[in-house]
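Derivation of every value follows stated rules applied to the coordinates shown; laboratory data play no part. It should be emphasised that the depicted structure is a prediction, and the values quoted were computed from it without experimental measurement. Every residue, glycine as well, gets a Cβ built from its backbone with ideal geometry; the counts of neighbours run over all protein chains shown.
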Amino acid sequence: MLVGTLAGYGRAGIAHSVVGRVRWGLMGRVALVVVPVYLVVNVGVNLVLAREEIVVPPLTLPVVLAWGIALVLGPLQAAGEEYVFRVLPMQAVGTWLRLPLLGIVLPVPLFVLGHGYAPLGQVEIALFALLMGLLAWKTGGIEIPVLLHVANNWTLFAIAPLVPGALEQGEVTVSGFLLAAVPTLLCTAGIWWWFSRRENLRLWEPQRGNGRRGA
């Protein structure tokens with residue numbers, strides 16, 4: 001993705017954001033709210049709901065290594081998906097056709113096909129993909145979608161050894177759907193409002209490249 005951006009635009013950094021680099025400060029500020037939300041929902045609530053199913057595995061070396069590898073590689077996996085399904089379509093399609101909405105909507109079915117959930121679960125996956133695309137458009141970068149994706153996946157990976165089947169894809173209950181969709185909707189709405197005020201943007205006005213070195 002970065003090599004393609006370098007070839008197409010002359011600088012790889014534009015794949016990260018409209019200021020040509022990763023805005024770590026922006027990610028850090030949003031993480032102060034987003035990470036606790038997903039810790040409470042994905043770790044706290046899930047462990048309470050699955051309290052009768054919790055199994056503490058023996059802390060053998062293979063278990064510890066597998067757990068550690070999942071926690072280390074999980075953020076890379078989530079970030080990789082965001083660059084493939086958000087950056088690539090929005091730059092290759094949305095920019096070329098001057099219709100950002102196409103770059104947001106077109107990759108949603110592909111993102112859904114990459115997950116093996118039942119219909120209700122696929123609705124949640126489609127909603128997540130749509131919201132991440134909108135956030136990338138609004139904020140003018142991939143940092144916030146990556147942060148939300150990482151926060152969600154990483155917290156689920158953290159409890160996976162304790163709750164058998166925690167990461168299995170298949171049937172999704174209504175409560176499971178709400179537990180996944182509501183936090184994402186609330187975080188998206190809150191970030192959208194906060195970012196608009198922070199950057200002095202109208203509600204449906206995106207961040208554009210203007211030479212500023214964003215935080």
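What does a probe at LEU47 reach in the range 152-193, counting residues whose amide N is under 18 Å from the point 7 Å along Cα→Cβ? Only 152-167 pass the distance filter.
To the nearest 10 degrees, how steep is helix 174-198 against the longest Cα principal axis of the chain, on a 0 to 90 scale? Its long axis makes an angle of about 30 degrees.
For the peptides 154-160, 42-48, 142-148, 54-60, the ranking by mean Cβ contacts within 10 Å, running from highest to lowest, is 142-148, 154-160, 42-48, 54-60.
So, R0 is 25 Å and r is the distance between the beta-carbons of GLU168 and ILE69; what FRET efficiency does that work out to, to 0.05? Once rounded, the FRET efficiency stands at 0.85.
Net length available on complete extension from TRP194 to PHE177 is 3.5 nm, with 0.36 nm assigned per residue and the Cα-Cα distance removed. Checking every one of the GluC sites (Glu not before Pro) in the range 1-95 against DSSP loop status and a limit of 10 other Cβ atoms within 10 Å picks out GLU52. Our estimate of slack between VAL123 and LEU97, defined as 0.36 nm per intervening residue step minus the Cα-Cα distance, is 6.6 nm. Between ILE54 and VAL3, take the C-beta separation as r, use R0 = 30 Å, and let me know the FRET efficiency to the nearest 0.05. Given R0 = 30 Å and the Cβ-Cβ separation, E is 0.10.
What is the range 106-215 by shape, rounded, prolate or oblate, if you read a ≥ b ≥ c off the alpha carbon gyration tensor as root eigenvalues and call it rounded for a/c under 1.5, prolate for a/b larger than b/c, and oblate otherwise? Because a/c hits 1.5 or more and a/b exceeds b/c, the range 106-215 counts as prolate. When +1 charges are put on Lys and Arg Cβ atoms and -1 charges on Asp and Glu Cβ atoms, the dipole computed for the chain relative to its Cα centre reaches about 1200 debye.
Here the sum of -39500 (n - 2.57) over DSSP H runs of 4 or more residues, divided by the residues of the chain, equals -18500 deg cm²/dmol at 222 nm, to the nearest 500. With a Förster radius of 35 Å applied to the beta-carbon distance between LEU32 and GLU205, the computed FRET efficiency rounds to 0.90.
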